[in-house]
Amino acid sequence: MTDSVSIACAVLGGFILFYGLTSLIIKEKLYLSEASVSLICGVIFGPVCAHFIDVDSWGNKEEVTKQFCRFVIGVQVMAAGVSLPKAYLRKELVSLLVLLGPVMIYMWLVSGLLVWALIPGLNFLESLMIAACFTPTDPVLANSIVQGKFAEKHVPSHVRHIVSCESGANDGLGYPFLFLAIYLLQMSPGAAIGKWAYWIMAYNVLLSIIIGFVVGYIGRKLLKFAEQKKFIDNESFLVFSVALSLFIMGTVGLIGSDDLLACFVAGNSLTWDDWFRIETEKAHLMEPWSTFNDIATQITIWRLIVLAILVLLLRRLPIVVALYRVIPAIHTWREAVFTGWFGPIGVGAIFYCTVALESVPADGPNAHAREVLTPVVYFMVLSSVIAHGITIPLFYIGTFASRTLTRTSEAGTSVMRIPKIEKFFGSKSNTTVSEADLGDGGYLEKHDGFERTKSSPLPKPKHTAITIVTPDSIPSHRGDITETVIPHRRRPSLNTSDSELDNSEEFLPSSRRSSFTYTDKANV
């Protein structure tokens with residue numbers, strides 16, 4: 001066991017060092033998320049390749065995985081809550097209720113139908129139990145998507161905030177969907193609904209919200225007091241939210257309530273007045289591969305691939321696009337497509353998978369559902385990490401290629417206009433033609449007149465009028481300023497004769513104007 005811990009520390013420390021030394025290139029040049037790089041590292045050093053890390057040798061792998069995921073999610077949802085603007089839950093309550101209500105229910109039902117259709121040997125309730133594990137969007141992957149140079153440049157701040165807020169909130173709200181399916185499998189509908197109402201909705205969800213808000217409020221008051229009295233140093237101030245998340249996970253976990261939801265609410269309560277966020281914003285494992293193709297469970301790799309594609313496309317995107325008009329935080333259909341697509345599946349799904357494994361006995365009537373639970377959930381996580389991890393690099397490559405083709409097309413269009421210019425002004429002109437002299441209409445334009453060949457007569461000097469329109473309440477000064485009628489010049493067509501060029505003035509209706517009149521000496 002000592003060697004296993006030492007190897008894990010060495011691999012983890014080496015990965016953090018390597019990623020830290022190249023993080024700017026990876027995130028802002030290659031636009032790769034931390035999750036994608038971590039996945040590659042896990043494949044290399046895990047049981048598939050080097051076999052340096054083997055979770056099976058650590059003892060109860062389900063419990064180890066559950067506690068590790070719980071720790072990661074608790075810290076991350078606290079960070080998601082802290083990163084939100086002032087009183088965000090109150091300001092965007094309608095948007096959040098739509099995303100956590102109709103959108104999340106749709107995601108659960110559609111995912112359950114897809115699992116039921118593609119994974120053999122399951123009934124609909126068992127499929128809903130499996131789908132509940134990857135219904136919530138993952139705060140860890142969402143954080144890597146909504147932060148960074150690319151997100152700040154291309155994604156509006158209100159979209160980044162609602163994606164981060166939803167991922168933090170619904171990761172704690174996975175319990176109602178998971179245990180509703182589990183209770184319906186284990187007991188009669190009446191008893192299942194009753195237990196689900198008082199134990200899950202009241203004791204887990206409602207109580208955790210109250211605890212999180214109260215703890216966050218008290219923490220904010222104590223932190224402000226300590227800061228004002230100079231009781232706390234800068235290092236302790238910066239890690240206060242991490243320590244608070246650990247405290248909540250421990251205390252709320254002891255009473256059996258939803259510690260993840262409490263952490264998110266506490267983070268938002270901690271920065272309710274935006275003070276803590278502003279003060280800190282500038283501070284800057286299991287091995288499921290063999291179960292992906294298992295004859296005993298009738299799972300094949302192509303079933304999982306088709307399921308993953310359909311889940312990623314239909315689980316969230318259609319309902320967000322359909323309801324974006326009633327979500328105030330989403331303004332356009334483009335923002336709806338972005339929000340609907342980026343609903344990643346990650347550590348939260350693995351956590352709920354371990355919770356479901358604890359709640360469903362291995363030798364019970366739902367033993368087959370328990371067997372297929374792990375490979376289905378893990379493959380959904382793998383697919384989401386890959387799909388959402390390469391979306392931004394592909395978008396960047398597509399944007400760069402489109403911009404290059406557009407520039408090439410525009411350059412080609414300018415060259416195609418040259419014969420028209422020569423036809424209009426004479427192909428034997430000794431006047432040098434440059435791109436700066438090309439007008440919008442395909443002819444040479446210079447200052448207020450037109451460029452001519454040597455044989456063409458020079459245009460007469462033109463007078464340019466600068467008009468200042470004043471309200472009636474301001475008296476006009478008629479000493480140095482003369483009132484005039486402002487000529488409006490029409491741009492000549494290709495068939496315009498030379499005699500018409502000087503007489504093609506169209507006078508605007510007279511109005512109360514004051515204008516300075518001067519002679520354009522450049523054309524004299």
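Here are some notes:
- Within the shell defined by Cβ-Cβ distances under 15 Å, the residues around PRO176 carry a net charge of -1, with Lys and Arg each +1 and Asp and Glu each -1.
- Restricting the calculation to Cα atoms, every distinct pair contributes to the Kirkwood radius of region 102-227, found to be 17.0 Å.
- Projected onto planes of every orientation and averaged, the convex hull of the alpha-carbon atoms in region 47-122 covers 8.9 nm².
- Flagged links, alpha-carbon separation over 24 Å, of LYS29/LYS153; LYS86/LYS224; LYS66/LYS91: LYS66/LYS91
- Selection from LEU178, LEU128, HIS154 lying farthest towards where the dipole of region 126-189 points positive, charges on Cβ: HIS154
- The largest-to-smallest principal axis extents of the Cα set in region 101-144 are 36, 21, 13 Å.
- Taking 0.36 nm per residue of separation and subtracting the Cα-Cα distance, full extension of the segment from THR22 to ASP3 would add 4.0 nm.
- Ranked by the mean number of other Cβ atoms within 10 Å of their residues, highest first, the peptides 33-46, 223-236, 176-189 fall in the order 176-189, 33-46, 223-236.
- Here the Karplus relation 6.51 cos²θ - 1.76 cosθ + 1.60, evaluated at θ = phi - 60°, turns the backbone of region 93-101 into coupling constants of 5, 5, 4, 5, 5, 5, 5, 8, x Hz, with x for every Gly and Pro.
- Based on Cα contacts under 8 Å between residues 6+ apart, region 1-160 shows a relative contact order of 22 percent.
- Close amide H pairs (under 5 Å, H built 1.01 Å from N) link ILE299 with ASP294, residues at least 5 positions away or on another chain.
- Simple spin-label estimate for VAL337 and LEU100 in nanometres, 7 Å along Cα-Cβ: 3.0 nm
- Calculated over region 1-110: convex hull of Cα atoms, volume per residue (Å³): 181 Å³
- Calculated FRET efficiency for the pair LEU113/ALA191, C-beta based, R₀ 41 Å, to 0.05: 0.95
- Sites TRP58 and VAL239 - FRET efficiency at Förster radius 30 Å, r taken between beta-carbons, to 0.05: 0.60
- Taking every protein chain into account, the accessible area of region 36-76 amounts to 52 square angstrom per residue (probe 1.4 Å).
- Average accessible area per residue (Å²) across region 202-274 - probe 1.4 Å, nucleic acids and ligands excluded: 47 Å²
- The stretch between ARG90 and LYS29, if pulled fully straight at 0.36 nm per residue, gains 18.3 nm over its current Cα-Cα span.
- Residues TYR217 and VAL326, FRET efficiency given R0 of 30 Å [Cβ-Cβ distance, rounded to 0.05]: 0.45
- Packing-based order for 297-303, 333-339, using average beta carbon neighbours within 10 Å, highest first: 333-339, 297-303
- Protein-only accessible surface order, largest first, of LEU222, LEU317, LEU122 at 1.4 Å: LEU222, LEU317, LEU122
The values are calculated or read from the model by the stated rules, or taken from the named source; none is laboratory data. Note that this is a predicted model, so its numbers are computed, not measured. Cβ: placed from backbone, ideal geometry, glycine included. Neighbour counts: every protein chain shown. Only protein heavy atoms, including side chains, enter the accessible area calculation; ligands, DNA and RNA are left aside. Shrake-Rupley method; radii C 1.70, N 1.55, O 1.52, S 1.80 Å.
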